[in-house]
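The values are calculated or read from the model by the stated rules, or taken from the named source; none is laboratory data. Predicted, not measured: the structure shown is a model, and the values here were computed from it. In this analysis, Cβ positions are derived from the backbone assuming ideal geometry, glycine residues included, and neighbour counts consider all displayed protein chains.
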Amino acid sequence: MFGYVYKVVDGDTVWIKSFDQNNKNLYTKFKVRLVGIDAPEINQYYGLVAKNFLKTRIFNKKVAIQDYGIDRYDRMLAKILLNDVDINALMIETGHAWFYKKYKRSLSLEDQQKYLELENNARNNKIGLFANSDYYIEPWKWRKNKSKN
């Protein structure tokens, strides 16, 4: 499936417009959560940086979407490819997201290994948000703490 990214919500969520193959005036809009990654929330340290990085890469671009199903928030879980580049992996590689290990079984073993290696490399080389471990908190921990308040 192909579509155009018409809105970037944050570093791991976008809106896609997919056109009908037979009628370019017909299209579907849907929200996509990038599978296998978790980026900082917008009002979290590095959240806007992650969003803007993703936006500069795929906003208004035609992307391939590999569907991994629907999550509990009715978003499509997907791997996004731009010119055969795995954007989900790119977010991890450049230190703009974590490999979301909690949901790793959604991915192939090959992608699990690749995403883990990319995160370890980003951490070890202090790339992106991993440059300053004093400030970041994993988004899943941040969301849990926020829900308690």
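Observations
- Cβ-Cβ under 7 Å pairs, at least 6 apart or on other chains, the range 66-90 side without any contact (Cβ under 8 Å) to a residue 24 or more places away in the chain, far side of a type in the set (F, W, Y) and in a loop (DSSP other than H, G, I, E, B): none
- Here K126 meets each of (1) basic (K, R); (2) over 25 Å from G3 (Cα atoms); (3) within 16 Å of the chain's Cα centre (by Cα); (4) modelled with pLDDT of 95 or more with one exception, condition (3).
- Complete set of residues in the range 107-128 that are over 15 Å from N88 (Cβ atoms) and either of a type in the set (D, E, K, R) or touching a His at 6+ places or on another chain (Cβ under 7 Å) (or both): R123, K126
- Residues of the range 7-43 satisfying the condition of being in a loop (DSSP other than H, G, I, E, B), in contact (Cβ under 8 Å) with a residue 40 or more places away in the chain and among the acidic types (D, E): D12, E41
- Qualifying residue in the range 61-82 (condition: at pLDDT 95 or above, of a type in the set (S, T, N, Q) and touching a strand residue (DSSP E or B) at 6+ places or on another chain (Cβ under 6 Å)): yes
- The residue that is nearest to L77 (Cα to Cα), counting only those in the range 97-118 that are in a helix (DSSP H, G or I) and among the aromatic types (F, W, Y), is Y103.
- When S147, S133 are checked against the criterion of being over 16 Å from A78 (Cα atoms), out of contact with any Pro (no Cβ under 8 Å at 6 or more places or on another chain), assigned to a helix (DSSP H, G or I) and at pLDDT below 85, S147 stands alone in meeting it.
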